[in-house]
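Only the coordinates and a few stated rules stand behind these numbers; no lab work does. Computed from a prediction, not measured in an experiment: that's the story for all the values here. Cβ: placed from backbone, ideal geometry, glycine included. Neighbour counts: every protein chain shown.
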């Protein structure tokens, strides 16, 4: 006959106490981490709000129709942002037209059609690495390829070359974001489409891509938001700080709002600093307008109204 161990209830009680103690310690650490995260978030928002309020207070009185329709000038009172504003719009349009179809097409091929082989894995690793390359490296690449090698096509140091360089800069971000959006579409949709006799491309085009398009647009918004504030690649390409004429597609010099703001901030006169604050407001309005348009299109796709 076996006899019950008189110490068994004590051991069970000790295990329960130890488990309860460990669990309460984990909850305490979780609460500490949550509090620290909230403090970091609130601190970042307070700093951002302070900077925005300071910029608006300094730059809002300088904003006028004359400021928006005047070219840069050596006189702060007559200086405007017409040339860099048009240059920034040119850059956004060229960058979006060049990067969006190539990035989405590459993501569709890698996610839906490529085989799991060594070449595909090498391409995936390189795309991930390219997303972390400093922007000035893309500027040097654009200087060699678009400004020098493709001079007859791009016209040299033009807004076309700068837009293609920024397209290279954001291309890895669009590819990675598009692949994640395609990967989030349930595989049952692909199986159902092909079970009804559709080809792989028809299934992707008619079913998978519409489901993934809101996520693709979100990644594109983030990528273009990065491109609109870049200065290092534009400086390497040859963006000018003083352009008293409207930039053209493949002719003459060009400027952009970040370059013009950088130039005004570097001036010792206080009036140019006020111009820089007003230029920052204009740049934020351009960025918010672009983001609002993309978000509107994304929401339309999500509700199926397209």
Length added when fully stretched, residue 289-residue 28, from 0.36 nm per residue minus Cα-Cα: 89.6 nm
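Order these peptides, 209-217, 190-198, 290-298, by their mean beta-carbon neighbour count within 10 angstrom, highest first.
Numbers: 209-217: 19.9, 190-198: 12.9, 290-298: 14.6.
Highest-to-lowest ranking by the protection proxy: 209-217, 290-298, 190-198.
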Gain upon complete extension [residue 232, residue 125; 0.36 nm per residue less C-alpha separation]: 36.0 nm
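By per-residue mean of other Cβ atoms within 10 Å, what is the highest-first order of 275-284, 236-245? Could you put the intermediate results ahead of the total?
Working: 275-284: 22.0, 236-245: 18.8.
The most tightly packed comes first, giving 275-284, 236-245.
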Sorted largest first, extent of the stretch 256-295 alpha carbons per principal axis (Å): 40, 15, 7
C-alpha center-to-center spacing [the stretch 186-255, the stretch 119-167] in angstrom: 15
Choice from 126, 117, 263 with maximal GNM fluctuation in the chain (Cα, 10 Å cutoff): 117
Largest-first ellipsoid semi-axes for the chain, taking √(5λ) over the Cα gyration tensor eigenvalues, angstrom: 48, 32, 19
Rough spin-label spacing in nm, given labels placed 7 Å along Cα→Cβ, for residue 299 and residue 60: 2.5
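Beta carbons within 10 angstrom, averaged per residue: use that to sort the peptides 129-140, 100-111, highest first.
Numbers: 129-140: 15.4, 100-111: 18.5.
Put in order of decreasing packing, that is 100-111, 129-140.
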Distance (nanometres) between label positions extended 7 Å along Cα→Cβ at residue 151 and residue 93: 2.7
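Need the full-extension length gain, residue 206 to residue 184, defined as separation in residues times 0.36 nm minus the C-alpha distance. One decimal, nm. Display every interim value, and only then the final one.
Values: separation 22, 0.36 × 22 = 7.92 nm, distance 1.61 nm.
Between residue 206 and residue 184, full extension yields an extra 6.3 nm.
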Distance in nm between pseudo-label sites at residue 114 and residue 141 (7 Å out along the Cβ direction from Cα): 1.5
